[in-house]
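In what follows, a single structure is set out as C-alpha cells and then discussed.
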Amino acid sequence: MVYVIGIDGGGTKTEAVLADRVGHVLDIVKAGPTNINTTSQKEVQRTFHTLFQVLQEKHPQAFKHVSTVFAGLSGAGSEYARYKVKQLMTNELPKTVTTYVEPDTINALYSGTYGEAGIVQISGTGSITYCVNEAGVHDRIGGWGYLLGDEGSGYDIGRKGIIAALYAADGRGEETILLELILNHFQVNSTRQLIDRIYQAPVPKNEISPVAKIVITAYKQNDSVAKHIMDEAADDMVTSILTLSNKLFPKSKSTPVVLCGGMFHDQTVLPVMIKEKIISKTERLTILLPRISPVGGSVIGALKYGHQAIVSNRIIDHLKQSLKVGDS
C-alpha cells in the first residue's frame, strides 16, 4: 500500500495527515509554525522534523511507504519561499519521497473543489481571493495584509464596527447598538477606556478582529449600521470573486467558488449575502462551503499531484469521515 502526507501550515501551528491512496486517514499530528516569512528556517525545519518523527514512530511501516508529501503553507506565495521550504522539508524525508509546496490557499480551494479548478474566497482574520483555472494558471486578488487591504476580513469588519461605535459616541454618526455591545465586550465604561485598551494592546489587530462577531450579532438584530458594514464586506469580496472569474474563467459555464475561513462559519450571514449578490450578477459561479478541513485539502493535493488527476468520490467520502470542517 502506498501512503501520502498532507500538510496545512501557518504562522502558529502546522497539521500533518498520514493517509493511504484511497483516503483512509491513519493519523493527524500537530506541531509549530511553518511560515517561512515570519519564522526562522531553523524553527521551520524543527517543525517538519517533529511532524515526520511522530508519524514515523507511530506508523513505521506506513511511513516507509510514503510516496508523496504535499504542503500548503502560509508564506509560500513566492517561488523563492517555496524553494526554501522544500529544501527544509526534504532534509527530513527519504530521497524516494516526492515533495510539493504550494500556498495554503490551495488547501482551502481543494477542501471545496476536491482537486478541481476554481476560486476560493478566504476570510478569517485576513482575507484573500485566489484561483487556479483548468490550465493550471494561478492568480490572486487582495491578501495584502491589514495595513493595505484584507477587505471583508474579520479585522476589516471589526475595525469598521469600532469606528462606527466611536462615531455614534461622538454624535457625528448614526446611533447603533454596536457602541453598547463593543463596550461590554471589552468590559470598559467609556470610549476613552476603549481606545486605551486597543492602543495599549501588544498586538492591536488581535483585539480588533474578534469584534467582527459583534458586528454580526448587531446585524442579526437589524442594526442599520451593522447591516451597512456587512453589506460592504460582502460587496468587496464579490467584486474580487467576479474579477478573478472574468480574468481566468471567461468562458466557463460553471466555476465553483469556495468560501473558507472563520467569517463564514455562520452560514446564515456572509455566505447567504455573497450568494445572493453573485446570483444577481451572473449564473456562471456556484458557491460552495467546504465539507472537509484545509488539511484534508492538502491530502487531496498529495493524491492529485502524486497519483491521480481526478480524486474519486470514494476518496472524498473517506476524507469527509475523518477530516470534517471544525475538527482541526
In the set Val258, Val299, the lone residue that is under 23 Å from Val25 (Cβ atoms), modelled with pLDDT of 95 or more, touching a helix residue (DSSP H, G or I) at 6+ places or on another chain (Cβ under 9 Å) and hydrophobic (A, V, I, L, M, F, W, C) is Val258
Flagged in the stretch 1-58 as touching a strand residue (DSSP E or B) at 6+ places or on another chain (Cβ under 9 Å), over 25 Å from Gly126 (Cα atoms) and part of a loop (DSSP other than H, G, I, E, B), in numbering order, are Met1, Val2, Arg21
Reported set for the stretch 259-276 where residues are over 17 Å from the mean Cα position of the chain (by Cα) and either of a type in the set (Asp, Glu) or within 12 Å of Thr125 (Cα to Cα) (or both) is Glu276
Selection from the stretch 232-269 of residues under 18 Å from Glu134 (Cβ atoms) and not in a helix (DSSP H, G or I) yields Phe249, Pro250, Lys251, Ser252, Lys253, Ser254, Thr255, Pro256, Val257, Val258
On the given criteria, is Lys220 of a type in the set (Lys, Arg), assigned by TED's automatic domain parsing to the domain that holds Gly126 and modelled with pLDDT under 95? no
Being more than 20 Å from Lys277 (Cα to Cα), among the hydrophobic types (A, V, I, L, M, F, W, C) and in a helix (DSSP H, G or I) narrows Ile229, Ile214 down to just Ile214
The residue from Val272, Val299, Val295 that alone is assigned by TED's automatic domain parsing to the domain that holds Gly126 and either at negative phi or assigned to a strand (DSSP E or B) (or both) is Val272
In the stretch 67-108, anything among the acidic types (Asp, Glu) and either more than 21 Å from Ile119 (Cβ to Cβ) or surrounded by fewer than 16 Cβ atoms within 10 Å (Cβ to Cβ) (or both) is listed as Glu79, Glu92
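The rows are residues; the columns are (1) crowded, with 24+ Cβ neighbours inside 10 Å; (2) more than 15 Å from Val211 (Cβ to Cβ); (3) of a type in the set (Lys, Arg).
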{"residue": "Thr125", "(1), (2), (3)": "no, no, no"}
{"residue": "Ile128", "(1), (2), (3)": "yes, yes, no"}
{"residue": "Glu134", "(1), (2), (3)": "no, yes, no"}
{"residue": "His138", "(1), (2), (3)": "no, yes, no"}
{"residue": "Ile141", "(1), (2), (3)": "no, yes, no"}
{"residue": "Leu147", "(1), (2), (3)": "no, yes, no"}
{"residue": "Gly154", "(1), (2), (3)": "yes, no, no"}
{"residue": "Ala165", "(1), (2), (3)": "yes, no, no"}
Pairs returned, first residue in the stretch 1-25 that is farther than 22 Å from Arg82 by Cβ and not assigned by TED's automatic domain parsing to the domain that holds Ala81, second residue that is buried (at least 24 other Cβ atoms within 10 Å of the Cβ) and of a type in the set (Phe, Trp, Tyr), beta-carbon separation under 7 angstrom, 6 or more apart or interchain, are none
Scanning the stretch 59-81 residue by residue, the ones that are closer than 16 Å to Thr99 by Cβ, within 26 Å of the chain's Cα centre (by Cα) and outside any helix (DSSP H, G or I) total 7
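Select from the stretch 77-108 the residues that are hydrophobic (A, V, I, L, M, F, W, C), over 17 Å from Gly297 (Cβ atoms) and in contact with a helix residue (DSSP H, G or I) (Cβ under 8 Å, 6 or more places away or on another chain) and list them in ascending order. Walk me through how you get there before you give the answer.
Taking the stretch 77-108 as the starting set, the residues that turn out to be hydrophobic (A, V, I, L, M, F, W, C) are 81, 85, 88-89, 93, 97, 101, 106, 108.
Narrowing further to those that are over 17 Å from Gly297 (Cβ atoms): 81, 85, 88-89, 93, 97.
Passing the criteria: Val85, Leu88, Met89, Leu93, Val97.
The values are calculated or read from the model by the stated rules, or taken from the named source; none is laboratory data. A quick note: this is a predicted structure, and the numbers were derived from the prediction, not measured. Using ideal geometry, Cβ is built from the backbone for each residue, glycine included, and neighbour counts are taken over all protein chains shown.
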